[in-house]
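The values are calculated or read from the model by the stated rules, or taken from the named source; none is laboratory data. Just so we're clear, the structure is a prediction, and the values are computed from it rather than from any experiment. Cβ sites come from the backbone with ideal geometry, for glycine too, and all protein chains shown count toward neighbours. Accessible surface areas use protein heavy atoms only, side chains included; no ligands, DNA or RNA. Shrake-Rupley method; radii C 1.70, N 1.55, O 1.52, S 1.80 Å.
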Amino acid sequence: MASKLINFYLNGRQTEVLVKPLTTVQTLLREQLDLTATKSGCRQGGCGSCTILVDGEPMLSCLLPVEDIQGRQIITLEGLTSAESLDTIQETFHETFAAQCGFCTPGMILVAKALLDRNPHPTRQEVIESLTGNYCRCTGYEPIIQAILESAERMNGRGS
């Protein structure tokens with residue numbers, strides 16, 4: 001099968017790539033575009049470490065063929081950070097020790113961003129439900145849940 005030219009927006013920038021059919025977005029990001037915050041965990045859609053945002057919705061890049069992102073908006077963890085500072089969610093994760101090894105952290109942060117963009121005042125239960133596709137082996141989930149709730153407060157002008 002012949003390679004295809006795919007156009008999409010990556011972290012706010014128009015991007016054009018030539019890829020072989022059925023290449024996953026995870027492979028494209030990590031191996032062709034050198035964006036390694038999108039982790040390569042189980043490669044079966046079970047851990048969430050490869051989560052990216054596609055048009056604002058969390059998706060597992062290890063299962064997503066590149067052809068499916070034609071014309072769409074893709075955000076990776078690299079797209080949240082500016083040259084000047086971390087995103088509020090990233091900052092809160094760092095300050096509250098919600099990450100240990102960091103392997104699940106990019107996926108957790110992107111899931112949190114999607115949740116907080118959709119619902120700026122989530123309940124604890126809504127945070128828990130948003131994390132159901134992301135697996136953490138180190139911190140347990142309590143620090144992560146607290147970091148997301150703290151991020152919501154900060155983003156709404158009520159946090160530290």
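Just so you know, in segment 5-51 the residues that are open to solvent by 80 Å² or more (accessible area, probe 1.4 Å) and of a type in the set (Lys, Arg) include one that is nearest to Ile109 (Cα to Cα), and it is Arg43.
One line per residue, one yes/no per condition, for (1) assigned to a loop (DSSP other than H, G, I, E, B); (2) in the same structural domain as Thr132 (by TED's automatic domain parsing); (3) without any contact (Cβ under 8 Å) to a residue 40 or more places away in the chain:
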| residue | (1), (2), (3) |
| --- | --- |
| Gln26 | no, no, yes |
| Leu29 | no, no, no |
| Thr36 | yes, no, yes |
| Lys39 | yes, no, no |
| Gly46 | yes, no, no |
| Pro58 | no, no, no |
| Leu63 | yes, no, yes |
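For segment 128-160, filtering for residues that are under 20 Å from Leu86 (Cβ atoms) and in a helix (DSSP H, G or I) leaves 13.
The residue of segment 52-88 that is most open to solvent (accessible area, probe 1.4 Å), among those that are farther than 18 Å from Thr132 by Cβ and touching a Leu at 6+ places or on another chain (Cβ under 7 Å), is Glu78.
Here segment 89-119 is the region considered, the condition is being in a loop (DSSP other than H, G, I, E, B) and open to solvent by less than 60 Å² (accessible area, probe 1.4 Å), and the residue that is farthest from Leu10 (Cα to Cα) is Thr96. Just one of (1) under 17 Å from Cys138 (Cβ atoms); (2) touching a strand residue (DSSP E or B) at 6+ places or on another chain (Cβ under 9 Å) fails for Phe103. It is (2). Residues of segment 120-134 that are under 17 Å from the mean Cα position of the chain (by Cα) and open to solvent by 20 Å² or more (accessible area, probe 1.4 Å): Ile128, Glu129, Ser130, Thr132, Gly133.
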